[in-house]
Amino acid sequence: MFRAAFFFSILVPAFCLAGSSNSLIDVSPDGKRLLAVNADNGTVTVVDLTKRSKVHEIAIGDKPESVTWIGRSDLAAVTVYREDLVIILDAGTGKVVHTLKVDDEPYGIVSTRDGKTAYVTHEYPGKVSEIDLATRKVVRQLDAGVHPRGIALSPDEKRLYVCEFFTGILHAIDLSSGKVVDSWKGHSTDNLARHVLIHPTRPKAYISHIRSKVQVNHGDGSIFPQVTICDLVPVEKKAQRRTSIGMDSFNGVYVTANPWESALSPDNRLLYTVYAGTDDMNVSEVINDDYVEIRALGRPRQVGRHPRAVRTSPDGKEVYVYNTIDFQVVVFDSMAYKKLAMITVCDPPKSPEWVRGKELFVTAKYPMTDRRWISCSSCHPDGHHDARVWKNPEGLRRTPPMFGMAHTHPLHYSADRDEVQDFEYTIRGRLMAGVGLLKERIKPKSGHYPIELEEKTGGRSKDLDALAIYSNSFTFTLSPHAPGGKLSNDAIRGKELFLSDAVGCVKCHNGPYFSDSTLTKPFKLHDVGTGRDALEKMGTKFDTPTLLGIYRSAPYLHDGSAKTLEELLTTSNKEDKHGKTSHLKPNEIKDLVAFLKSLPYEMPPDETPNTVKDRFVAPAKKTMSRRESR
């Protein structure tokens, strides 16, 4: 332990200031410029911090997620999540200088101080790419756990630390061997960890995340904000290596929601943590005792709408917070008591209705909830799922992804809602405990009867319609298991099985979205052999979910009882109620799984007979995106 502490203490204090942990913003080593990634606009903005002004806004691609300065040059590197790219840009000229194709879903990026190497997490398939920035090539790929997002370099740059998105598990990767050499596992409820920060002089890592308590369906008992602090010492040196601090009780009676990331001051005395759900920032004193760890300096400060990034200036005098729904970087003094400047980095994207819908979707404040712990995005982050199965009043329910939802109504596994606006019942119910967006009475809910199907909620509230527009606007990307839109030989054989009468998958999973869901009544519900547990209150027939993107949405079935696609087709389907698969040989199961993982291998149409009207439709593109053209 003493060796580890000394090992950290000999390093330069400037280590944590540029490029050492992933973020939507990064400050140049000289403190004169800031880069801000505008994920919804597909751009990166260069800010002159001296003049407090926007210098360039550079088009990058579909959903950039992280940026890092490259050494002390004008160059920077950006990940483009939906197009599988790393972009090298010149902040001086405002131009893209290189486009590098990388593995699927690049999220976090960090770079070494000398500007020679960058490291990128790939949420799927769970890898880290090592990039030689001189040759601008991927020179190595490293295993990095399951769905890694957060990434940080150790002070001596001999290790990488990555955290898993759905579990918060922290992994240490030795860069000489390229192997995971240590892991810090947390509580089974740990969830949605996007960022990891390494203390430059003490063996500590800080992870911002939530806890999802799936046994509780209530606004003040389901979701909790956490900051976990890991002791980066060998397990034999310290048994308790991971301490999790509830950031609601940390702040007394003041509840915060959806912690996003943290930053340390250059002297390592202060820790800044931003909360995207309640628009707050904690300023905490770092306590070097291995027990208390951090102490709040006053109550959290309101900083702006939906803060998703925080950095400090090299001299420690300023703190920069990126409020992504204000589209501004706000400059505070180091104690965050005084707002020094507000710098607009981009225009609002898409449409005003879409922006308002996103604001409602991500907030844990009035009118969506009075409890402040939970938002829609606490379970559906950016339209994804949370890899959890919840014990809901109606029974066990896996959180589904929202991609393609505009084309696969009705909603819920039991098809008890026919429009997104019906989630007014959720907003007013136990889970959200909000006042709602509809300023009128609605038919009361009684037990599990689907009164939502009788209550027309669309068109009665601009805010409720905006929430529907945002929720219905998530679109798919092509599967990495069918590069260039081409099926492998295994997948071709699997497709033949999928379409065959002998297996029968296509009887329900048909059409461009591989679902027979339709708003024509009576709805098409199917008994696939599930829903027979004592918790189920809605019957044993369920709506057909889309199969597009199924390769990254485990677990499966409404109750999450199938952990893998192989289980879905075998142990979870012994009675052949979910297609006829019991007669298939192991190699045929393998082929069928290969086909399922390849979906979508071509982009589905943007309009079907079942498509709802409340959604954002982007203007027609003259050319395909980089990812679609592969």
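Every number here is computed from the coordinates shown, using simple stated rules; none is lab data. Keep in mind that what you see is a predicted model, and the values were worked out from it rather than measured. Note that we place each Cβ from the backbone using ideal geometry, even for glycine, and neighbour counts take in every protein chain shown.
One table, with the values for the structure above:
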| quantity | calculated |
| --- | --- |
| Cα-Cα separations in the stretch 467-506 greater than 12 Å, expressed as whole percent | 69 percent |
| Rel. contact order, % - alpha carbon contacts under 8 angstrom, at least six apart, the chain | 9 percent |
| Rg/Rh (Cα only; Kirkwood hydrodynamic radius) as it applies to the stretch 520-594 | 0.98 |
| When the stretch 374-480 is reduced to its Cα atoms, the Kirkwood hydrodynamic radius in Å | 14.7 Å |
| Net dipole in debye of the chain [+1 Lys, Arg Cβ; -1 Asp, Glu Cβ; about Cα centre; nearest 20] | 480 debye |
| Directionally averaged projected area (convex hull, Cα atoms, the stretch 66-191), nm² | 7.5 nm² |
| Per residue, the convex hull volume that the Cα atoms of the stretch 229-305 enclose (Å³) | 100 Å³ |
| Size descriptor, Kirkwood hydrodynamic radius, that averages inverse alpha-carbon separations across the stretch 131-205, Å | 13.0 Å |
| Amide H partners (placed H, <5 Å) of ASP26, local residues excluded | LEU35 |
| Per-bin percent of Cα-Cα distances, the stretch 2-344 [20 Å] | 34, 61, 5 |
| Computed magnitude of the charge dipole of the stretch 2-344 (debye, nearest 20; Cβ of K, R +1, Cβ of D, E -1) | 420 debye |
| log10 of Debye I(q)/I(0), alpha-carbon scatterers only, for the chain at 0.07, 0.08, 0.12 Å⁻¹ | -0.43, -0.56, -1.31 |
| q = 0.22 Å⁻¹: log10 I(q)/I(0) that the Debye formula gives for the stretch 168-222, counting C-alpha atoms only | -0.93 |
| Ordering of 70-81, 291-302 by burial proxy (mean other Cβ atoms within 10 Å per residue, highest first) | 70-81, 291-302 |
| Cα Rg, Dmax, the stretch 16-78, angstrom units | 10.8, 30 |
| Cβ charges +1 (Lys, Arg) and -1 (Asp, Glu), total dipole of the stretch 533-575, debye | 100 debye |
| Long pairs among LYS462/LYS537; LYS456/LYS524; LYS391/LYS537; LYS101/LYS495, criterion Cα-Cα beyond 23 Å | LYS462/LYS537; LYS101/LYS495 |
| Rg and Dmax [Cα atoms of the stretch 418-550; Å; Rg one decimal, Dmax integer] | 19.1, 57 |
| THR518 long-range amide H proximity, modeled H, under 5 Å | LYS524 |
| Per-selection Rg to Rh, the stretch 161-261 - Cα, Kirkwood hydrodynamic radius | 1.01 |
| Charge dipole of the stretch 219-309 about the Cα centre (unit charges at C-beta), most positive-ward option of ILE294, TYR272, THR228 | TYR272 |
| Sorted peptide list for 21-29, 476-484, criterion being average Cβ within 10 angstrom, highest first | 21-29, 476-484 |
| Peptides 540-553, 317-330 ordered by average Cβ neighbours within 10 Å, highest first | 317-330, 540-553 |
